[in-house]
Amino acid sequence: MATPLPTGMTLSVELDPAYQTILTTEACEFLIALHREFNTRRLALLDEREQRQLTLDQGKKLDFLAETIDVRDGAWQVNKTPFDLENRRVEITGPVERKMMINALNSGANVFMGDFEDSLSPTWDNVMQGQINCMDAVRRQLDFDAPNGKHYELNNDIATLLIRPRGWHLSEKHLLVDNERMSASLVDFGLYFFHNAHATLENNTGPYFYLPKLEHYLEARLWNDVFCFAQDYLEIPRGTIRATVLIETLPAAFQMEEILYELRDHMSGLNAGRWDYIFSVIKTFAGDSQAILPNRDQVTMTVPFMRAYTQLLIQTCHKRGAHAMGGMAAFVPSRKDAEVNATAIEKVREDKSREANDGCDGTWVAHPDLVAIAKVEFDKVLGNKANQKDKLREDVSVNSNDLTDLTIKNSTITETGIRHNIRVALQYLNAWIQGYGCVALYNLMEDAATAEISRAQLWQWLNHHAHLDDGRVFDKALYTQLFNDELEQLNQTDFKIIDSAKQLFNDLVLDKQFKSFLTLSAYEQFT
């Protein structure tokens, strides 16, 4: 019989005995303490996000904050980097799914980011099994027997493990404290930290995290206070936790120094979360008819606003002694098409070479086959050095106009681009609702960020009556025609689109109000 939950906590589903090792009385008491201490602040900060967006919709210009000029002008550094986070030249990411974790940890990458966020569909079973998998990984007990009889287990040498909890905006509806949904961030962080903090230290590493979707330095301050509370609770020295923050929202790009400062005792670095960043740009300027981006494949890392953002990130990190991490290579090598592989791998090499020569200390890949390719490009620049934090990039000068210059020469919106957005977002949403958050589509490993860009562009083009390259206006009639055509083609394949995915997709695109995150709506599909 399962142990009853502590007073104040309720579970909206029956507790599977297999999850009793995760939802222990002591762990639940820790979650209750986190919720009561921090959830009110979290909700207030989310309200402030909405208020800031309203001012942007009314024409306020994004700029660096006057209130924090002393932080930007001050002489300070982040905490010294732990030895196992000094060399991060190649990091691989993926969901906390058992076989994928083993392959990633064994891949030869320096770091594996186990993901509870964009590449994990947060069904209750996925979240709970993910915590079990993380416990086993920390204890070197992670193995898997595939239906075909193949056995997977960890090598002696594995990547350093970092965990990405879900963002502040998400809740965990299956766990209630005082009849309120818990913060998904606090659930993911709290359970991993409670069960594994001491064990990681015994393994000469530590409880390390990636923090997603921050929009303001006060949200970083909240994380810092959570870290201090958690370390005190388990009687672990403050500063033991280390965090890398994804700069994947446009507002956060204006507050990189402030975010580093707020988390300076627990800080490891910043990461250029490129796909979510593009989505955030679209979302931030959703109501502005003069800020329409073209086809997704034309928004590359070399266009002005993306170039400015990454250059500023490198300069900011190295000025403060933090790692500057490059963006994702999402290509999935084809087992059938050598020509596709050759073309894509050359693009990966160019991307990683540019990042390394710009001054990034490391980069991301989504597939084990890309680890060696990315590592070669960073080895060329770093040699035997663990990183290049000494490359201060004092030549970089980025202002607020540079960060919001959405000019892309010779850019277009095409029927092909519209169709691709429909096809990718619809397939991804269909998979996500059915419990799959990491989906290989057209030789790319897609997560929620790509679906967000795709549906956000469709919304923006539709609401602002964007013109296609052939002169047609993108209106509801054209959208409906192309949507139905793509849906019919998909339903003729093995990728059958369920009714709830189709309905939700149309609701997101056709709604007069822009919905901030598709995952908020899609999450309610889960029981």
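Assorted remarks:
- Hey, Ile292 of a type in the set (A, V, I, L, M, F, W, C), outside any loop (DSSP other than H, G, I, E, B) and either within 29 Å of Leu458 (Cα to Cα) or more than 18 Å from the chain's Cα centre (by Cα) (or both) or not: no
- Taking the criterion of being buried (at least 23 other Cβ atoms within 10 Å of the Cβ), aliphatic (A, V, I, L, M) and more than 30 Å from Leu62 (Cβ to Cβ), the residues of segment 203-242 that qualify are Ala230, Ile241.
- Leading residue by the ranking (surrounded by the most Cβ atoms within 10 Å (Cβ to Cβ)) among those in segment 89-125 that are closer than 21 Å to Gln525 by Cα and over 17 Å from the mean Cα position of the chain (by Cα): Thr123
- Residue match in segment 269-286 (condition: over 18 Å from the mean Cα position of the chain (by Cα) and either over 20 Å from Ala449 (Cβ atoms) or of a type outside the set (S, T, N, Q) (or both)): yes
- Being out of contact with any helix residue (DSSP H, G or I) (no Cβ under 8 Å at 6 or more places or on another chain), assigned to a helix (DSSP H, G or I) and surrounded by 14 or more Cβ atoms within 10 Å (Cβ to Cβ) is true of Ile32.
- Qualifying residue in segment 134-147 (condition: in a loop (DSSP other than H, G, I, E, B), within 29 Å of Ser521 (Cβ to Cβ), out of contact with any Phe, Trp or Tyr (no Cβ under 7 Å at 6 or more places or on another chain) and at pLDDT 95 or above): no
- Which listed residue, of Asn196, Asn179, is of a type in the set (S, T, N, Q), in contact with a helix residue (DSSP H, G or I) (Cβ under 6 Å, 6 or more places away or on another chain), modelled with pLDDT of 95 or more and assigned by TED's automatic domain parsing to the domain that holds Arg238: Asn196
- Residue-level check: of (1) within 16 Å of the chain's Cα centre (by Cα); (2) free of Cβ contacts under 8 Å to residues at least 24 places away in the same chain, Val245 misses just (2).
- Count of residues meeting criterion [assigned to a loop (DSSP other than H, G, I, E, B), on the phi < 0 side of the Ramachandran plot and not hydrophobic (A, V, I, L, M, F, W, C)] in segment 360-397: 12
- Every pair of residues 6+ apart whose Cβ atoms lie under 8 Å, when the first sits in segment 131-145 and is outside the structural domain of Met101 (by TED's automatic domain parsing) while the second is surrounded by 17 or more Cβ atoms within 10 Å (Cβ to Cβ): none
- Yes/no for Lys99 being among the basic types (Lys, Arg), out of contact with any Ser or Thr (no Cβ under 9 Å at 6 or more places or on another chain) and either under 20 Å from Lys375 (Cβ atoms) or assigned to a helix (DSSP H, G or I) (or both): yes
- For segment 410-455, residues that are surrounded by fewer than 18 Cβ atoms within 10 Å (Cβ to Cβ), small (Gly, Ala, Ser) and farther than 19 Å from Arg98 by Cα total 1.
- Subset tally (residues that are touching a residue at least 40 places away in the same chain (Cβ under 8 Å), in a loop (DSSP other than H, G, I, E, B) and more than 18 Å from Val127 (Cα to Cα)) for segment 1-29: 1
- Residue among Asp390, Asp475 that is charged (D, E, K, R) and free of Cβ contacts under 8 Å to residues at least 60 places away in the same chain: Asp475
- Taken as a whole, the structure places Thr284 among residues that are in contact (Cβ under 8 Å) with a residue 24 or more places away in the chain, surrounded by fewer than 23 Cβ atoms within 10 Å (Cβ to Cβ), closer than 20 Å to Phe514 by Cβ and not assigned by TED's automatic domain parsing to the domain that holds Gln513.
- Test: residue in segment 80-88 that is among the aliphatic types (A, V, I, L, M), part of a helix (DSSP H, G or I) and under 24 Å from the mean Cα position of the chain (by Cα): yes
- In the set (1) surrounded by fewer than 23 Cβ atoms within 10 Å (Cβ to Cβ); (2) among the hydroxyl-bearing types (Ser, Thr, Tyr); (3) under 22 Å from Arg88 (Cβ atoms), Tyr152 fails one condition alone, (3).
- Between Ala330, Ala324, Ala291, Ala344, the distinction of being of a type in the set (A, V, I, L, M), touching a residue at least 12 places away in the same chain (Cβ under 8 Å) and within 24 Å of Leu222 (Cα to Cα) belongs to Ala324 only.
- Among (1) at pLDDT 95 or above; (2) part of a loop (DSSP other than H, G, I, E, B) - the single one Lys60 does not satisfy: (1)
- Inclusion of Asp447 among residues that are in contact (Cβ under 8 Å) with a residue 24 or more places away in the chain and either assigned by TED's automatic domain parsing to the domain that holds Phe483 or polar (S, T, N, Q) (or both) is warranted.
- Restricting attention to segment 203-260, the residues that are not in a loop (DSSP other than H, G, I, E, B) and not aromatic (Phe, Trp, Tyr) add up to 28.
- Counted residues, segment 505-517 - those being assigned to a helix (DSSP H, G or I) and either farther than 17 Å from Glu488 by Cα or among the charged types (D, E, K, R) (or both): 4
The values are calculated or read from the model by the stated rules, or taken from the named source; none is laboratory data. In this text the structure is predicted, and so the values were computed from the model without any measurement. Positions of Cβ are generated from backbone atoms using ideal geometry, with glycine treated the same way; all protein chains shown enter the neighbour counts.
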